[in-house]
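Peer 1: Here it is, the structure in full.
The values are calculated or read from the model by the stated rules, or taken from the named source; none is laboratory data. Computed from a predicted model, the values in this text were never measured in an experiment. Note: ideal-geometry Cβ built from the backbone for every residue, glycine included; neighbour counts use all protein chains shown. Calculation scope for accessible area: heavy atoms of the full protein, side chains included, ligands and nucleic acids excluded. Shrake-Rupley method; radii C 1.70, N 1.55, O 1.52, S 1.80 Å.
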Amino acid sequence: QVQLVESGGGLVQPGGSLRLSCATSGAILSLSPFRIYNMAWYRQAPGKQRELVAGISKSGSTTYVESVRGRFTISKDNDENTVFLQMDSLKPEDTAVYYCNAKLGSHDEGWGQGTQVTVSS
């Protein structure tokens, strides 16, 4: 499996921005380079199920849950083996633990430990 480490979470006021990063590593990347993974960000708020927030395919196509479309942007840097989530116009309902996920095709290859995002005044 690939190792994933998220960073960039924190406390922000409503309307603010945060940029999450997810760095990937592991010996498997020498056989299965980062560029062939489908990457995604999920989030889980207290008392709720984990939900897919945004995904980016190996070809670079993106998808977003309706509640964040137009506010969040997912991107990746294949040279740095990193995926990003730019979050703008944050709302209190965006408060959650955000997780990075890597898939080969539809098969899970790794999850990060999560980073807390809190949107509050």
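Peer 1: Got at least one residue in segment 56-77 being more than 15 Å from the chain's Cα centre (by Cα) and of a type in the set (Val, Ile, Thr)?
Peer 2: no
Peer 1: Consider segment 71-121. How many of its residues are open to solvent by less than 20 Å² (accessible area, probe 1.4 Å) and either in a loop (DSSP other than H, G, I, E, B) or of a type in the set (A, V, I, L, M, F, W, C) (or both)?
Peer 2: Result for segment 71-121: 13.
Peer 1: Considering 31, 4, 11, which residue is surrounded by fewer than 15 Cβ atoms within 10 Å (Cβ to Cβ) and more than 17 Å from residue 119 (Cβ to Cβ)?
Peer 2: Numbers: 4 fails: surrounded by fewer than 15 Cβ atoms within 10 Å (Cβ to Cβ); 11 fails: more than 17 Å from residue 119 (Cβ to Cβ).
After applying the criteria, what remains is 31.
Peer 1: In addition: Return yes or no: is residue 27 free of Cβ contacts under 8 Å to residues at least 12 places away in the same chain, more than 16 Å from residue 107 (Cα to Cα) and of a type in the set (A, V, I, L, M, F, W, C)? I'd like the intermediate steps shown before the answer.
Peer 2: Details: free of Cβ contacts under 8 Å to residues at least 12 places away in the same chain: yes; more than 16 Å from residue 107 (Cα to Cα): yes; of a type in the set (A, V, I, L, M, F, W, C): yes.
In short, yes.
Peer 1: Taking only pairs six or more apart or across chains, which ones have beta-carbon atoms under 8 Å, a first residue in segment 3-23 that is closer than 22 Å to residue 104 by Cβ and of a type in the set (Gly, Ala, Ser), and a second residue that is in a strand (DSSP E or B) and open to solvent by 30 Å² or more (accessible area, probe 1.4 Å)?
Peer 2: 21/7; 21/84; 23/5; 23/7
Peer 1: For residue 61, are the conditions met, namely being of a type in the set (Gly, Ala, Ser), more than 24 Å from residue 116 (Cβ to Cβ) and in contact with a Leu (Cβ under 9 Å, 6 or more places away or on another chain)?
Peer 2: Answer is no for this residue.
Peer 1: Residues that are out of contact with any Pro (no Cβ under 9 Å at 6 or more places or on another chain), over 24 Å from residue 65 (Cβ atoms) and not in a strand (DSSP E or B): does segment 15-25 have at least one?
Peer 2: Checked against the condition, which is being out of contact with any Pro (no Cβ under 9 Å at 6 or more places or on another chain), over 24 Å from residue 65 (Cβ atoms) and not in a strand (DSSP E or B), segment 15-25 yields no hits at all.
Peer 1: Just one of (1) free of Cβ contacts under 8 Å to residues at least 40 places away in the same chain; (2) buried (at least 20 other Cβ atoms within 10 Å of the Cβ); (3) out of contact with any helix residue (DSSP H, G or I) (no Cβ under 8 Å at 6 or more places or on another chain) trips up residue 68, so point out which.
Peer 2: For residue 68, the failing item is (3).
Peer 1: What about residue 60, is it open to solvent by 30 Å² or more (accessible area, probe 1.4 Å) and either assigned to a loop (DSSP other than H, G, I, E, B) or in contact with a strand residue (DSSP E or B) (Cβ under 6 Å, 6 or more places away or on another chain) (or both)?
Peer 2: Taking the combined requirement at face value, the residue satisfies it.
Peer 1: Considering each of 121, 75, 89 in turn, give the residue that is out of contact with any helix residue (DSSP H, G or I) (no Cβ under 6 Å at 6 or more places or on another chain), free of Cβ contacts under 8 Å to residues at least 40 places away in the same chain and over 10 Å from residue 22 (Cα atoms).
Peer 2: 75
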